Amino acid sequence: MDVATHRFDADAHAARVREQGYTVIEDFLDAATVARVRDGLAPYLGAHHGRNDFEGFRTERVYTLVARDKVFEEVTEDPRLMALLSRFLQPGFLLTASQAICIYPGETAQDLHQDDGFYRQPRPRPAISYTVIVAVDDFTAENGGTEIIPGSHLWGDPGAPGRPNDPEALQAMMVPMVMPSGAAVVFAGTLLHRGGANRSPRPRLAFTNQYCEPWARTQENFYLGIPREQAAAMSPRLQQLLGYDIWPPFMGQVTGSHPAKALEPGWAPPVVAQRPPA
């Protein structure tokens, strides 16, 4: 266990998440790891920008980031994150999304949203997913840093009594996540937030992982997005995060067997292996 992991107080961070909806891990990545992140992303940046206003027409995204470089495998199963998330999500929780986000100058602010809003259960409710956003470049109030509304994770649905709905009132509540390169913000999937407008002359690079309850459908289909041979070489913990595990008693089984068997050499789907000869 390294020094940063040893001194990490998961309970204190969890208390902040419960109270205000988010917490910041200031020293999440050291300078050497940030450099590895930049090197790992370099081959994939410059390919395309977003396809709609939410993705961002001046924003570049690299999806399935967990499989792009070894450093992203390591960060995805970071012991501090696993300890913090285990305070909220049930054992066997999953990785639901993994992507890099580069916001270029001139990008406008996203619409205010919650990250687990596609789980269509009424609010207020416990978050079904949690988001981690890691600053590769410094986050400022001008360069597209994430903007949040503290405490909004406890609100009801739009129009519910006690929930502010006026756009000007919501705007006044937003707090920019000003944090240095290497820091990470972790927040509940019910927290209202947005990517800010980039009014600076330089792009702002970050990456994000989202984790969800083990019974929830994931945003990214990692079974199809990551070749089986590559998943087989990953750590058992990461394989579990990608869904190669059972949620008791048998959710995720593959023709009655544990899904991890699908990563064994020579494995063939039973519908193929057990098919009678023609």
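Consider just the alpha-carbon atoms of segment 91-191 and return their Rg together with their Dmax, both in angstrom.
So, for segment 91-191, Rg and Dmax equal 14.6, 42 Å respectively.
Quick one: among ASP245, ASP138, ASP111, which has the greatest mean-square fluctuation in a GNM of the chain with alpha-carbon springs under 10 angstrom?
ASP111
Hey, what angle do you get for helix 31-41 against the long axis of the chain, alpha-carbon based, 0 to 90 degrees rounded to 10?
70 degrees
Find the relative contact order for segment 1-96 and round it to a whole percent, using C-alpha pairs within less than 8 Å whose residues are 6+ positions apart.
Values: 53 pairs, mean separation 26.6, N = 96.
Relative CO of segment 1-96 lands at 28 percent.
Relative contact order (percent) for the chain, with alpha-carbon contacts under 8 angstrom and 6 or more residues of separation?
Details: 523 pairs, mean separation 68.9, N = 278.
Relative contact order comes out at 25 percent.
Please sort 117-127, 52-62, 182-192 by packing, taking for each peptide the average over its residues of neighbouring beta carbons within 10 angstrom, highest first. Numbers along the way, then the final one.
Values: 117-127: 13.5, 52-62: 16.5, 182-192: 23.9.
Ranking the peptides 117-127, 52-62, 182-192 by packing returns 182-192, 52-62, 117-127.
Using a/c under 1.5 as the rounded threshold, could you call segment 67-133 rounded, prolate or oblate? The axes a ≥ b ≥ c are square roots of the C-alpha gyration tensor eigenvalues, and prolate needs a/b larger than b/c, oblate otherwise.
Values: a/c = 2.42, a/b = 1.05, b/c = 2.30.
Verdict is oblate for segment 67-133.
How tilted is helix 10-20 with respect to the longest principal axis of the chain? Cα atoms for both, answer in degrees (0 to 90, nearest 10).
For 10-20 against the chain, the angle is about 50 degrees.
Which one, GLN253, GLN230, GLN219, has the greatest fluctuation when you compute a Gaussian network model over the chain with C-alpha springs under 10 angstrom?
Ranking GLN253, GLN230, GLN219 by mean-square fluctuation puts GLN230 first.
Between GLU142 and PHE57, what is 0.36 nm times their sequence separation minus the Cα-Cα distance? Round to one decimal in nm.
Values: separation 85, 0.36 × 85 = 30.60 nm, distance 1.79 nm.
Once the chain is fully extended between GLU142 and PHE57, it gains 28.8 nm.
State whether segment 33-144 is rounded, prolate or oblate according to the following rule on the C-alpha gyration tensor (a ≥ b ≥ c being the square roots of its eigenvalues): a/c under 1.5 gives rounded; otherwise a/b larger than b/c gives prolate, and the remaining case gives oblate. Before the final figure, lay out the partial values.
On the way: a/c = 1.92, a/b = 1.18, b/c = 1.63.
In terms of gyration-tensor shape, oblate.
Classify the chain as rounded, prolate or oblate, taking a ≥ b ≥ c as the square roots of the eigenvalues of its Cα gyration tensor: rounded when a/c is under 1.5, otherwise prolate if a/b is larger than b/c and oblate if not.
Values: a/c = 1.69, a/b = 1.44, b/c = 1.17.
It comes out prolate by the Cα gyration axes.
Computed from the coordinates by the stated procedures, all read-outs in this text should not be read as laboratory data. Since the structure is predicted, the reported quantities are computational estimates derived from the model, not experimental observations. So basically every Cβ, Gly included, is an ideal-geometry build from the backbone, and we count neighbours across all protein chains shown.
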